[in-house]
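Take a look at the structure below.
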């Protein structure tokens, strides 16, 4: 069984001690396109890209996977897209895909120290399984008023995650919904 580390790695990097810059985000979101990772999304400014390696358990084997994070951080908030590929030898069926999403959610809560507020299955682009998550961060891993809103999608052999971390007021802003809703996989 493939246990998705991508969501855990992304959240742990942001919640686990990243210091947010002091600048304020722009009012308008700008389209960002990644031809290599085949997606587009509206970001509040040009994101930075970082690649991390993570160990992943697949059955009895442990393999190394690459996690790419696109991040734009501002005062009290961060907008992120995480991407990773499922190892070639793993062919998830719909039940395994749902289990991947649930394990990703559980791992993210454990790694970030957040408390799950809500979680629901969603359908992405009319055909791909996904999950939307809302959680509250907890000291010492995150601020007492911190909130995480995320969507995870399994698209073939690739896992995408959209994440916004901010205050409870930030998460309610229309630009957060615009960011999350603007994410699309391209050909």
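The values are calculated or read from the model by the stated rules, or taken from the named source; none is laboratory data. The structure presented is a predicted model; accordingly, all values stated were derived computationally and were not measured. Ideal geometry is used to build each Cβ from the backbone, glycine not excepted, and the neighbour counts take in all protein chains shown.
Residues 117, 96, 91, 173: which one is under 26 Å from residue 49 (Cα atoms), more than 13 Å from the chain's Cα centre (by Cα) and surrounded by fewer than 18 Cβ atoms within 10 Å (Cβ to Cβ)?
Answer to the selection: 173.
Tell me yes or no: at least one residue of the range 62-76 is touching a helix residue (DSSP H, G or I) at 6+ places or on another chain (Cβ under 9 Å) and at positive phi.
Yes, the range 62-76 has at least one match.
May I ask you to list the residues in the range 1-36 that are at pLDDT 75 or above and either out of contact with any strand residue (DSSP E or B) (no Cβ under 8 Å at 6 or more places or on another chain) or within 20 Å of residue 131 (Cα to Cα) (or both)?
The answer is 26, 27, 28, 35, 36.
Output the residues belonging to the range 147-175 that are touching a residue at least 40 places away in the same chain (Cβ under 8 Å), closer than 27 Å to residue 28 by Cβ and touching a strand residue (DSSP E or B) at 6+ places or on another chain (Cβ under 8 Å).
Matches in the range 147-175: 148, 150, 152, 160, 161, 162, 163, 164, 165, 166, 167, 170.
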